[in-house]
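Worksheet: one structure, shown below.
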Amino acid sequence: MQYTRTVEALKEGTVIDHLPAGQGLRILSLFKLADTGERVTVGLNLSSRHMGAKDIIKVENIALTEEQANELALFAPRATVNVIENFEVVKKHQLELPETIEGIFDCPNSNCISHGEPVKSFFYVKPTVNDTKMKCKYCEKVFSKDIVAEVK
Amino acid sequence: MANPLYRKHIISIPDFSREELELVVDTAGRLKHAPRNDLLKDKLIGSCFFEPSTRTRLSFETAVQRLGGNVIGFADGANTSAKKGETLADSIKIISSYTDAVVMRHPKEGAARLASQFSAVPVINGGDGSNQHPTQTLLDLFTIKETQGTLENLTLAFVGDLKYGRTVHSLTQALSQFNCRFYFVSPEALAMPDYICEELDEKGVQYTLVNSLEDVIPQVDILYMTRVQRERFDEAEFRKIQGKYVLRADMLANARPNLKVLHPLPRVDEIAADVDSTPHAYYFEQARNGVYARQALLALVLNETV
């Protein structure tokens, strides 16, 4: 495959694979992966046997925690998150929707007190039949996850 | 053993268990019939109204003083350091270091929850933007229990602005713990929000959306009226719905004898003046009950036993 030659193997860090094509840059920005100062490699529209096209993110020297991996589940429930040490996969995260999400998204309600105060945003996550709803701990308003994710 | 609300923050109705709601209601009843002037002795309560309010502030301050406590505070955020750009977190840290409890109203949703994270003493929410107004719900529950003898298995109609009216949202949330049945009577544009209906569905609460106020009157124990604000409609639309959600005395001819009409006040013209003299009118007593419900809450939060 072309990308295996252009993107070198990771010695230490995290590989976020099987992101739906088009989500790679969004996740990069939402989770501020580019701000880590570490080398980040992003592949877009790579061919995938199962998905047709996919995006991939490799972050060097940072091991994503279970909690961070679960936050990814909101956008890419079928993504795989592998933590690498010395070129070996040492942890494969099973993504599960988290019960709460802290500090990633701003509350879409402009009149919510969480803006401009020394607190992190905080949402309770509730899966429904067709959507995932997020309820702000402060203003108690309930939003579809896509509305919350667009705010940032 | 301390009562379950002792030293607790009072932020939002969904935080309350059924037992806690009943405790406040029963305590309010006791304080109404046997007043106590010692339950807040030597206590200083901060009354922080970052947004003006008439009934809520005055009834809280009356409640504190009737229980033998003292009040400091402000009635309008315009004269506080919030105006200078101080965060609410900082304001509350300071005020809570002076007082034994903080009662607050704020124009932003979530303000009381945030304040509770920075306060050294219990915070009581007196209204946070369009979100919650738990003490209104507690006084409504007390009034319903007082007039019906129970909170269980009642039928209530909510009339008017059910979309923006936070009092009806919180009251339905509270009553959903008591096997009550609801009728929602409103113009389509001001219907009960989906998230409230979804919550009721999840809890298996029975409710019906209806158009005609007159049709539901003979079937209900409580008629909870709210104000339809003219500014939410254009003139032509308002003329169409005007009158449909107004209660007059003659419409109560077939009401159950126990039916009481409640309203969070202020009313404008949704309850005609001739209703006031019917045995069904209870909204002024309801407003008076605000003092007892707030007394009960303050007493429970600041005393291990009441």
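The residue of region B:23-42 that is surrounded by the most Cβ atoms within 10 Å (Cβ to Cβ), among those that are within 17 Å of the chain's Cα centre (by Cα) and either modelled with pLDDT under 95 or not small (Gly, Ala, Ser) (or both), is B:24. If you go through region B:253-305 and keep only what is crowded, with 19+ Cβ neighbours inside 10 Å and among the β-branched types (Val, Ile, Thr), you end up with B:261, B:271, B:275, B:291, B:301.
Within region B:164-204, if we keep just the residues that are under 22 Å from residue B:237 (Cβ atoms) and without any contact (Cβ under 8 Å) to a residue 12 or more places away in the chain, the residue that is nearest to the chain's Cα centre (by Cα) turns out to be B:194. Taken across region B:285-293, residues that are out of contact with any helix residue (DSSP H, G or I) (no Cβ under 7 Å at 6 or more places or on another chain) and not in a helix (DSSP H, G or I) do not occur at all. Taking each residue of region B:57-81 that is part of a helix (DSSP H, G or I) and looking for partners that are exposed (fewer than 15 other Cβ atoms within 10 Å of the Cβ) with beta-carbon atoms closer than 7 Å, six or more apart or interchain, yields B:66/B:35; B:66/B:37; B:77/B:83.
Taking the criterion of being surrounded by 24 or more Cβ atoms within 10 Å (Cβ to Cβ), within 10 Å of another protein chain (Cβ to nearest Cβ) and touching a residue at least 40 places away in the same chain (Cβ under 8 Å), the residues of region B:103-114 that qualify are B:106, B:111, B:112, B:113. Checking the stated criteria, residue B:224 turns out not to satisfy the condition of being within 17 Å of the chain's Cα centre (by Cα), surrounded by 15 or more Cβ atoms within 10 Å (Cβ to Cβ) and free of Cβ contacts under 8 Å to residues at least 60 places away in the same chain.
Note on region B:99-215: enclosed strands (runs of 3 or more DSSP E) holding 2 or more residues that are touching a helix residue (DSSP H, G or I) at 6+ places or on another chain (Cβ under 8 Å) and under 20 Å from residue A:137 (Cβ atoms) are B:101-106, B:123-128.
Table: residues versus (1) over 20 Å from residue B:286 (Cβ atoms); (2) within 14 Å of chain A (Cβ to nearest Cβ); (3) in contact with a Lys or Arg (Cβ under 6 Å, 6 or more places away or on another chain); (4) at pLDDT 95 or above.
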residue: B:76; (1), (2), (3), (4): yes, no, no, no
residue: B:85; (1), (2), (3), (4): yes, yes, no, no
residue: B:98; (1), (2), (3), (4): yes, no, no, yes
residue: B:101; (1), (2), (3), (4): yes, no, no, yes
residue: B:116; (1), (2), (3), (4): yes, yes, no, yes
residue: B:125; (1), (2), (3), (4): no, yes, no, yes
residue: B:135; (1), (2), (3), (4): no, no, yes, yes
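Here is a check on your reading of the model: is residue B:43 free of Cβ contacts under 8 Å to residues at least 12 places away in the same chain, farther than 20 Å from residue A:138 by Cα and either within 13 Å of chain A (Cβ to nearest Cβ) or in contact with a Gly (Cβ under 8 Å, 6 or more places away or on another chain) (or both)? Answer is no for this residue. Taking the numbered list (1) surrounded by fewer than 22 Cβ atoms within 10 Å (Cβ to Cβ); (2) within 14 Å of chain A (Cβ to nearest Cβ); (3) over 25 Å from residue A:108 (Cα atoms); (4) among the hydroxyl-bearing types (Ser, Thr, Tyr) in turn, residue B:80 passes all entries but (2).
Of the residues making up region A:11-51, those that are small (Gly, Ala, Ser) and either assigned to a strand (DSSP E or B) or over 12 Å from the mean Cα position of the chain (by Cα) (or both) are A:13, A:21, A:22, A:34, A:37, A:43, A:47, A:48.
Considering B:95, B:45, the condition of being among the hydrophobic types (A, V, I, L, M, F, W, C) and either surrounded by fewer than 17 Cβ atoms within 10 Å (Cβ to Cβ) or assigned to a strand (DSSP E or B) (or both) is satisfied by B:45 alone.
The values are calculated or read from the model by the stated rules, or taken from the named source; none is laboratory data. Computed from a predicted model, the values in this text were never measured in an experiment. No Cβ is skipped: glycine too gets one built from the backbone with ideal geometry, and neighbour counts run over all protein chains shown.
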